[in-house]
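Visitor: Here it is, the structure, as structure tokens.
Computed from the coordinates by the stated procedures, all read-outs in this text should not be read as laboratory data. Model, not experiment: these values are computed from the prediction. Cβ placement follows ideal geometry from the backbone for every residue including glycine, while neighbour counts extend to all protein chains displayed.
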Amino acid sequence: MNNTAKVTPIETPADRPLFNRLAEWFDANDWDCEEFVSDDQSHLDALVTCENGTWRMVARVSESLRHAYFWARLDMFVPANRRSAVAEFMARANFDRRMGFFEMDFGDGEIRFRVTLWVLDGMLTDDQIEEAVDTVLADMNRYFPALMSVIYGATDPAEAVTKVLAEEQDATYHKSVPGRDLVEKEIPVQANALLH
């Protein structure tokens, strides 16, 4: 009987190029992340506190599919009796979005806001990673109070989403552009007077 341990070769960046690219970006931007590495689907996980709440930021890649996934996951679960209302809230919040969406596991009530990037034959750039992370964190932060009001305050989903969108419009002018989510443009005071 041979008691010699099996030696695993040291992995090089070529073994997991997408994951290594993600790890480089998060490291360069001083994120405190846990790494979970497997043959195909590896991910980074960090606890993030934003203005309106705290949640997990997860960045996962599939080397074989050439996809990168970024999501914010709440460390709470929607009670079964509120899942239909939350599903309506998410459908309304997701409508006409180009980048990112809310999703919920109806089995346990887990909530995420997710962005997926298809990398295909290229490599993730700093700008792509930053845009995905910023979108995930900003949109979860923006909708979080309204989402909590639907879950725990029994607020009507349509009313909750309408309130979020109205708060945005109070601060900025939004113009719908085909193929693109809301584009923000500051309105000069003179132009604002002409609109009303």
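Visitor: I need the peptides 57-63, 28-34 ranked by packing, meaning the mean over residues of other C-beta atoms within 10 angstrom, with the highest value on top.
Guide: So the peptides 57-63, 28-34, ranked by packing, come out 57-63, 28-34.
Visitor: Compare the peptides 136-142, 95-101 by average per-residue count of other Cβ atoms within 10 angstrom and give them in order, highest first.
Guide: Values: 136-142: 20.4, 95-101: 13.3.
In descending order of packing, they fall as 136-142, 95-101.
Visitor: Moving on. Rounding to the nearest 20 debye, state how big the charge dipole of the range 68-111 is about its Cα centre with +1 on each Lys and Arg Cβ and -1 on each Asp and Glu Cβ.
Guide: Values: 6 positive and 7 negative charges, 38 e Å.
In total the dipole reaches around 180 debye.
Visitor: Scan around His67 for amide H atoms under 5 Å from its own, H built in the peptide plane at 1.01 Å from N, and keep only partners 5 or more places away or cross-chain.
Guide: Long-range HN contacts for His67: Ser62, Val119.
Visitor: Further question on the same structure: For a quick check: with amide H placed at 1.01 Å from N, whose amide H comes under 5 Å from Glu110's, ignoring anything fewer than 5 positions away on the same chain?
Guide: Here Val78, Asp105 satisfy the definition.
Visitor: What list of ³J(HN,Hα) couplings, whole Hz, do you get for the range 147-163 from phi and the Karplus terms 6.51, -1.76, 1.60, once you set θ to phi - 60° and write x for glycine and proline?
Guide: Values per residue, Gly and Pro as x: 4, 5, 5, 6, 5, 10, x, 6, 5, 5, x, 5, 4, 5, 5, 4, 5 Hz.
Visitor: Ok, one more. List every residue whose amide H lies under 5 Å from the amide H of Met99, counting only residues 5 or more places away in sequence or on a different chain, with H placed 1.01 Å from N in the peptide plane.
Guide: For Met99, whose amide H was placed from the backbone, the distant partners under 5 Å are Asp181.
Visitor: Just rank His43, His67, fewest to most, by other beta-carbon atoms within 10 angstrom.
Guide: His67, His43
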